Amino acid sequence: MKRRSRGEGNTMPDYMFLLESRLSPEQRAVMMRVQELAAAMGFNLYLTGGTVRDLITGASLRDLDFTVEGNPSKMARELEKGGAKILEEDEKLRQIEVLFAGDVEGSISAARDDHYVRPGTRPEVRWSTIMEDLRRRDFSLNSIAISLNPASRGLLLDPTNGLSDVERGEVRALTIHSFTNQPVRLLRLLRFSARMGFKPESRTQEWFDLAIERDLHHTITPEDSGEELKAVAREERPTVVLKAWEQNHLLEAVNPNLAKRHPDYEAINRLMKTREDLFTAGFRPRLATPMLLAILGKLKDRELNGVLSKAGYRSADIDKVESFIGEAERSQKELTGKKVNAPIDAYKYLENLSLDQTAYLLAESGNSAALSKIKAYLNKWRPMRSGLSMVSSELATLGMERGAKFDAIVEQVFAIQLTGRGKTPEEREKILRKLSGIKEPPKKKEPPKKVVKPGVGKAEAAEAIAHASAAKAGAAAKTKGKDRGAAKHPPAKAASAHAKSAGGRKSSGRK
């Protein structure tokens, strides 16, 4: 893709094609819906931040982050009517975390400008244009946007020249006061650098070192460090981020107890392996809760509660985290009980089990029966389920009309297949005929075929039959001719015998 030093000059079709080709069908549907709402409400709409950054770098598009020039609350309410869930809303900053329809995660935020009276003070929030919003952000690679407006759809906005930094593999802070204004950016710099394999830009590294010398990392608020803890639990490779924090002595800024006991890297690695298995099986797991528990795995229960409380977690969220393991253990007990002994019952149970709990059991359970069913579900049963369209086609070919009974029979066949039967088309046809009551058509009687010796072709066989018929006819004619000759000319011996007999009678008469 051809790029210029300023993003505004890039050709629009390139980025829209790249965007649409990288989005999942669910993400594409969400983007179209948000575009429709923004147009109906008269808001200018942009994709921003991590979505654009990951699009450019080729990373997986995990979230859809939208920015509007206006208040997004009304949009969020309309999205809720279509099945979206509001996960968290900051009314002061007009920032809303959303789980869109189709389990697509993302956010909708208002374009704003943070005005600091002097460095290090609380900013005054002003509602602004998209260009001002991009310039007030933390790093240049997060300050890029793609327009989703009808007149400029696909236009890349890059006022801080972040594309060049991405191409160089650098993370660049936008101002010398970046860490002074928001010390949590010290953690964020290391998180982005570790995740992407980038290095801090030279001046940014100098500003980082100066901030550490001034002990700015000790001024990070618990709420800000809690947001970073949540963010690292959602990373695809949390280990590299956590070790970068440890190496720079910043884990203590997240929580002193965590710095003292260290993250449970073995538990993290087990869960990362499980995440890869789930990706292979066709899932898009985030695993934020089990990963958070893995990170904090070496803490005692009281310490865990303290970390979450200081990190600004709400009581409902703390309860969710603390009760997670108990719920997973109950799920394991049910999975190995009599009620889900049959494969079809185990399939239905696992289909409704949360992906977080499935992943946790895969990573931490020592119960062979439970693990066997989970692995069968991921590697055999779900692929088998995707092949039911073939069963439907076979049933339709037999002549059954589609409807409730048709669907019920297909489900019955699936349950039978889970037991190992119905693998071949012939087996499935017998099963389908039995379940549907459709009998086989009567077989047509065929005339008996003449036996032909092996190795003899049809032409040779016909010729042989003709020769045999001719020979038989010739023999018959010859026999008939002999019979006629015998009648006219008796054999000599017979004539001689006749003559002697006559002579004897004459001699006898003379005597």
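The values are calculated or read from the model by the stated rules, or taken from the named source; none is laboratory data. Nothing here was measured: the structure is a model prediction, and the numbers come from that model. Here Cβ is always computed from backbone atoms with ideal geometry, including for glycine, and neighbour counts include all displayed protein chains. Only protein heavy atoms, including side chains, enter the accessible area calculation; ligands, DNA and RNA are left aside. Shrake-Rupley method; radii C 1.70, N 1.55, O 1.52, S 1.80 Å.
Data table
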quantity	calculated
Where the Cα pairs of region 282-352 fall when distances are cut into 5 Å bins, in %	3, 13, 19, 19, 15, 12, 11, 6, 2, 0
³J(HN,Hα) computed for each position of region 178-190 - Karplus, 6.51 cos²θ - 1.76 cosθ + 1.60, integer Hz, glycine/proline x	4, 7, 5, 5, 9, x, 4, 5, 4, 5, 5, 4, 5
Region 204-218-region 84-143 distance, computed between alpha-carbon centres (Å)	25 Å
Whole-Hz couplings from phi, Karplus 6.51/-1.76/1.60, listed for region 382-395; x for Gly and Pro	5, x, 5, 4, 5, x, 5, 4, 5, 4, 4, 5, 5, 5
Three principal axis lengths of region 38-132 [C-alpha, angstrom, descending]	44, 33, 24
Cut-off under 5 Å, modelled amide H: who pairs with ASP65 long-range	THR48, THR51, SER107
Cα gyration tensor of region 131-172 - equivalent ellipsoid semi-axes, whole Å, descending	20, 12, 6
Gyration tensor (Cα) of region 94-191, equivalent ellipsoid semi-axes in angstrom	23, 18, 16
From phi via Karplus (6.51, -1.76, 1.60), per-residue ³J(HN,Hα) for region 128-137 in Hz, x at Gly/Pro	9, 8, 5, 5, 5, 4, 5, 6, 8, 6
Solvent-accessible area, 1.4 Å probe, carbon plus sulfur percent, for region 180-230	48 percent
Cα Rg, Dmax, region 215-291, angstrom units	13.7, 46
Mean projected area (nm²) of the alpha-carbon convex hull when region 177-268 is viewed from all directions	5.7 nm²
For GLY120, residues with placed amide H under 5 Å, excluding near neighbours	ASN181
Residue-normalised accessible area of region 98-222, expressed per residue, 1.4 Å probe, Å²	42 Å²
Pairwise centroid distance, computed over Cα atoms, of region 368-394 with region 253-315, Å	30 Å
Label-to-label distance, nm, for residues given as ARG135 and LEU99 (7 Å Cα→Cβ offset)	3.9 nm
